[in-house]
Amino acid sequence: MIMRIVVDGDSCPVKAEIAETAGRYGVQVVMVSSYDHTLQPADGVAVIQVDRSSQSADLYIANHVAKGDIVVTQDYGLAALVLAKSCSSLSPRGEIFHPGNIDRLLERRHVHAKARRGGQRHKGPKPFTNEDRKHFAEVLSKLLEHLQENV
């Protein structure tokens with residue numbers, strides 16, 4: 001089985017870490033982003049550009065991933081879709097999405113969206129740090145090792 005890392009690239013802060021880690025493991029990377037974002041292909045990194053509508057990258061990814069792919073996304077909805085297609089998924093902060101946590105995350109997203117519509121405000125995510133980058137690279141490395149050992 002040929003494994004790829006597919007990245008929801010519009011707002012992904014760890015693109016360089018993904019490319020570097022994937023290169024060490026000989027894994028192809030596909031960055032998917034809208035035409036509003038300029039991404040450059042590189043050795044082992046393909047770039048797919050989609051239109052700028054709000055869900056275009058997510059829909060492209062959901063429709064083009066294959067069993068065994070790894071998807072990097074901050075979007076819980078996309079994570080749920082790719083988990084259903086037997087893909088692995090993790091966030092840019094290194095949180096692995098799995099059947100045991102995705103329902104809770106989707107419910108939390110729904111509750112927060114409902115509160116925002118009602119005028120409530122929630123704190124946004126904490127600033128992204130170098131420790132977050134390092135943690136992500138470590139989690140991705142461990143995931144790649146695990147998946148390559150079990151092929």
Verdict on residue 138 being at pLDDT 95 or above and in a helix (DSSP H, G or I)
yes
Condition set surrounded by 13 or more Cβ atoms within 10 Å (Cβ to Cβ) and of a type outside the set (Asp, Glu), scope region 121-133, selection farthest from residue 15 (Cα to Cα): answer is 128
Taking the condition farther than 22 Å from residue 22 by Cβ and of a type in the set (Ser, Thr, Tyr), does residue 76 pass?
yes
For helices (runs of 4 or more DSSP H) lying entirely in region 11-120, having 3 or more residues that are more than 25 Å from residue 147 (Cβ to Cβ), at pLDDT below 90 and open to solvent by 40 Å² or more (accessible area, probe 1.4 Å) picks out 102-117
By residue number, the members of region 4-36 that are without any contact (Cβ under 8 Å) to a residue 60 or more places away in the chain and within 18 Å of residue 51 (Cβ to Cβ) are 9, 10, 30, 31, 32, 33, 34, 35, 36
Expected output for region 72-97 (first residue among the β-branched types (Val, Ile, Thr), partner part of a loop (DSSP other than H, G, I, E, B), Cβ below 6 Å, 6+ apart or cross-chain) is 82/65
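The values are calculated or read from the model by the stated rules, or taken from the named source; none is laboratory data. This structure is a prediction, so every number in the text was calculated from the model and none was measured. Using ideal geometry, Cβ is built from the backbone for each residue, glycine included, and neighbour counts are taken over all protein chains shown. For the accessible areas, the whole protein counts, side chains as well, though only heavy atoms, and no ligand, DNA or RNA atoms are used. Shrake-Rupley method; radii C 1.70, N 1.55, O 1.52, S 1.80 Å.
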